[in-house]
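Participant: Mind looking over this structure? Questions follow.
The values are calculated or read from the model by the stated rules, or taken from the named source; none is laboratory data. Remember, it's a predicted structure, so these values are computed and weren't measured experimentally. Cβ placement follows ideal geometry from the backbone for every residue including glycine, while neighbour counts extend to all protein chains displayed. Side chains included, ligands, DNA and RNA excluded: accessible areas come from the protein's heavy atoms. Shrake-Rupley method; radii C 1.70, N 1.55, O 1.52, S 1.80 Å.
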Amino acid sequence: MAVKTERISTADLQLGMYVAELDRPWIETPFPLQGFHLRTREELQQLQHWCRHVYIDLQLGKVSLEPVARTAAEPSAKPAGGAQQPRIRGGLGKFTPVKYSITQPVKQEVVAATLYHREITRAVIHLLNDLRSGKGLNLRVARKAAAVMVHSILRNPDAMVWLARIKDVDSYGYAHSIRASILATVFGRHLGLPKDVLENLATGVLLMDVGKTRLPRSMLNSPAPLDDAGWAEMHRHVNYGVELLQHCGGVNDQMLAVVQYHHERHDGSGYPFGLSGSQIPLLARIAGIVDSYDAVTSERPWAPARTATEAVSMLYEQRDTGFQAALVEQFIQAIGVYPTGTAVELSTGQLGVVVAQNPSRRLRPQVMVVSETDGTRLERPRIIDLLTVQQDADGQPLAVAGCLRGGRERLDLASVQINAA
C-alpha cells in the first residue's frame, strides 16, 4: 500500500492537512518526527516560518481531527492478506527535543554499565523462560531492565554500545533484543526523545520478539533459511506478541506500537498490516531500523555477520523503500559508521577497537590501538583520538581503513577492557 503524498508550498497549506515530510530534517524543527495534522493557525504560521514546501499525506489528511484517546490499545491482530486495518495508536504528538549531554566519561560509565548489562541479561533470560514455560509476561521486570538501560545511556551512550558489541557475540535470540534495545535507546537519545518515551521505546524493543516464545525451537534454530510456509508462521510472532502484551497490565500505547508495527516498512511491504510512511508510529520505525541493523551485523545459522559499514550501506540503500530516509540518516549519525565496540584496522595496519564517537566527525572516532602493524599485541593499549591525531609517526594521513571481518579471529574483543586503557 503506497502512501499518496503531494508536494505543496507552505503558502497553500490548509488546516486539516496531514504533513508527512518537510523540506528539511525533522530534528532541526520543533515539529514531531512522525508527521502531524495541522490543527491551528499558530501551527500553520510556524510551519510557514520553518519551511518553504512540505509533503502532505492525501489519505491521512481526510481523517477526523479529533485527538486519539491515550488509553491502552487493542488493535486487530489479523495477519496481512485481507487484514483489518487497526486504529493506529502509540504516536508521540508534539514534543520539544531534549538536548542531552555526556555526564560521565566512558571509562567510568563502562564499569557501572557492565553490572547493568549483566542484570538486564539475567532479567530477559528469566522473562523469556517464564513465557516458554507457560507463565505470563512479567512487564515489571522488562520495564525495570529498560529503566536501568536508559539511565546509563543518558549519562554516556558509548558504554552500553560497547557492551552490546562485545558481549554475547556468539548468541542471537535473547541477546538480539538487548542489543536492539540499546541501539534504539541511543538512537532515541540522539533524536532528543523525552526520558519517559525512551523508557517506553527500550521496553518495547526488549519485548518486540516475545511472540517467538510460542514458535517451535526447531524453527528458531533452523540452520537454513525458512521456506514460504515457515516464514508465514514466523510472521505470526507479531500477533502472538501483541496478545501477550494485551493480557498484561501496565502496557501503554507506545510499547504496544513497537511490538505490533516493528515489521512494517516505509513502502508498505512489511507485515502484518502493510502500513506505510507516516502511518507507522515513530517508535516502531526506530525499532524496525535497529532490528534490521542488529540482525545483519550478527552471526546467524544461515547468514554470516556483515560489518558495520556494510550494514550502514544496506540501510542507506533502503531509504524511502524499507525505511524513512530522514530516520536512516539520523541513525547513522547516532551510532556512527564505525560504532563503539567495532574492531577496525587503521591506515597504518594497526588493529584497534572504537571506544567512543566524535559526534562532529563520525568518520574519526576514538580508537583503542591493541596491536602493532606486525600483529604484536600491545601490553598497554593506547587510545588515539582521530579527531585530533590526523597523521601517523611518518607524517602520513591517519584514518580508519575499514572494519575487521571475522574480528574475533584476529582480535579477541572479549579480552579488551575499555576501562584499563
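Participant: Could you compute how much accessible surface Leu193 exposes when probed at 1.4 Å, giving the result in Å² to the nearest 10?
Facilitator: The accessible area of Leu193 comes to roughly 0 Å².
Participant: Same structure, new question: Cβ neighbours within 10 Å, averaged per peptide: list 221-228, 277-284 in order, most packed at the top.
Facilitator: 277-284, 221-228
Participant: Give Lys107/Lys195; Lys99/Lys135; Lys94/Lys144 a once-over and call out the pairs whose C-alpha atoms are over 29 Å from each other.
Facilitator: As for pairs spanning more than 29 Å Cα to Cα, those are Lys99/Lys135.
Participant: Continuing with this model, one more query. Given H placed 1.01 Å from N in the peptide plane, which residues other than close sequence neighbours of Ala356 have an amide H under 5 Å from its amide H?
Facilitator: Residues meeting the criterion, in which the H sits 1.01 Å from N, are Gln366.
Participant: How many angstrom separate the Cα center of the stretch 125-167 from the Cα center of the stretch 364-390?
Facilitator: 32
Participant: Okay, moving on. Step through the residues of the stretch 46-55 one at a time and calculate ³J(HN,Hα) from phi using the Karplus curve (6.51 cos²θ - 1.76 cosθ + 1.60, θ = phi - 60°), rounding each to whole Hz and writing x for Gly and Pro.
Facilitator: Going residue by residue, I get 5, 5, 5, 6, 8, 10, 8, 9, 9, 10 Hz, with x marking Gly and Pro.
Participant: Specify whether the C-alpha gyration tensor of the chain places it in the rounded, prolate or oblate class, a ≥ b ≥ c being the square roots of the eigenvalues: rounded for a/c under 1.5, otherwise prolate if a/b is larger than b/c and oblate if not.
Facilitator: It comes out oblate by the Cα gyration axes.
Participant: Hey, can you grab everything whose amide H is under 5 Å from the amide H of Leu378? Only 5+ residues off in sequence or another chain; H modelled, so Pro and N-termini drop out.
Facilitator: Sorted by chain and number, the residues that satisfy this are Ser371, Glu372.
Participant: Can you list the trypsin sites (Lys or Arg not before Pro) in the stretch 124-200 that are in a DSSP coil and have 14 or fewer other beta carbons within 10 angstrom?
Facilitator: Those satisfying the criteria are Lys135.
Participant: Provide the net charge surrounding Tyr100, with neighbours chosen by a C-beta distance below 10 Å and charges set as Lys +1, Arg +1, Asp -1, Glu -1.
Facilitator: In short, +4.
Participant: How much length is gained if the chain between His151 and Glu119 is pulled fully straight, taking 0.36 nm per residue apart and subtracting their Cα-Cα distance, in nm to one decimal?
Facilitator: Taking His151 through Glu119 to full extension adds about 10.2 nm, to one decimal.
Participant: In whole Å, what are the extents of the stretch 195-289 along the principal axes defined by its C-alpha atoms, from largest to smallest?
Facilitator: 40, 31, 20 Å, listed from the longest principal axis down.
Participant: Also, I was wondering about something else. So what's the angle, to the nearest 10 degrees on a 0 to 90 scale, between helix 139-155 and the longest Cα principal axis of the chain?
Facilitator: The helix 139-155 is inclined about 60 degrees to the chain.
Participant: Remind me, relative contact order of the stretch 142-253 in percent, using alpha carbon pairs under 8 angstrom and six or more residues apart?
Facilitator: 26
Participant: First measure r as the distance between the Cβ atoms of Gln46 and Ser218, then evaluate 1/(1 + (r/R0)^6) with R0 = 45 Å and state the FRET efficiency to the nearest 0.05.
Facilitator: After rounding, the FRET efficiency stands at 0.25.
Participant: Calculate the FRET efficiency for Thr321 and His235 from the Cβ-Cβ distance with a Förster distance of 22 Å, rounded to the nearest 0.05.
Facilitator: After rounding to 0.05, the efficiency reads 0.70.
Participant: Enter the angle in degrees (range 0 to 90, nearest 10) between the Cα long axis of helix 308-317 and the first principal axis of the Cα atoms of the chain, meaning the one along which they spread out most.
Facilitator: Compared with the principal axis, the helix lies near 30 degrees.
Participant: Residues with beta-carbon under 15 Å from that of Gln391, excluding Gln391: net charge, scoring Lys, Arg +1 and Asp, Glu -1?
Facilitator: For residues surrounding Gln391, the net value is -2.
Participant: For the chain, give me the percentage of DSSP beta bridges that are antiparallel, rounded to the nearest 5 percent.
Facilitator: Counting DSSP beta bridges with both partners in the chain, the antiparallel share is about 95 percent.
Participant: Here is a follow-up. Taking only Cα atoms, what is the 0 to 90° angle, nearest 10, from helix 106-132's long axis to the longest principal axis of the chain?
Facilitator: Compared with the principal axis, the helix lies near 50 degrees.
Participant: Could I ask something else about it? May I ask for the net charge around Leu220, where only other residues with Cβ less than 12 Å from the Cβ of Leu220 are counted and Lys, Arg are +1 while Asp, Glu are -1?
Facilitator: Result for the local shell: +3.
Participant: Can you give the calculated 222 nm mean residue ellipticity of the chain, where each DSSP H run of n ≥ 4 adds -39,500 (n - 2.57) and the sum is split over every residue, rounded to the nearest 500 deg cm²/dmol?
Facilitator: It lands at -12000 deg cm²/dmol.
Participant: While we're here: Decide, for the stretch 248-313, between rounded, prolate and oblate: order the square roots of the alpha carbon gyration tensor eigenvalues as a ≥ b ≥ c, take rounded if a/c falls under 1.5, and otherwise choose prolate if a/b is larger than b/c, else oblate.
Facilitator: prolate
Participant: Give the Cα extents of the stretch 94-138 along the principal axes, in whole Å, largest first.
Facilitator: 43, 36, 9
Participant: Ranking request for peptides 111-120, 349-358, 362-371: highest mean number of other beta-carbon atoms within 10 Å first, then the rest in descending order.
Facilitator: Going by the mean number of other Cβ atoms within 10 Å, highest first, we get 349-358, 362-371, 111-120.
Participant: Right, next: Roll a 1.4 Å probe over the protein chains and send me the accessible area per residue for the stretch 87-129 in Å².
Facilitator: 58
Participant: Next question, about the same structure. Compute the separation of the alpha-carbon centres of the stretch 346-360 and the stretch 206-226 and state it in Å as a whole number.
Facilitator: 35
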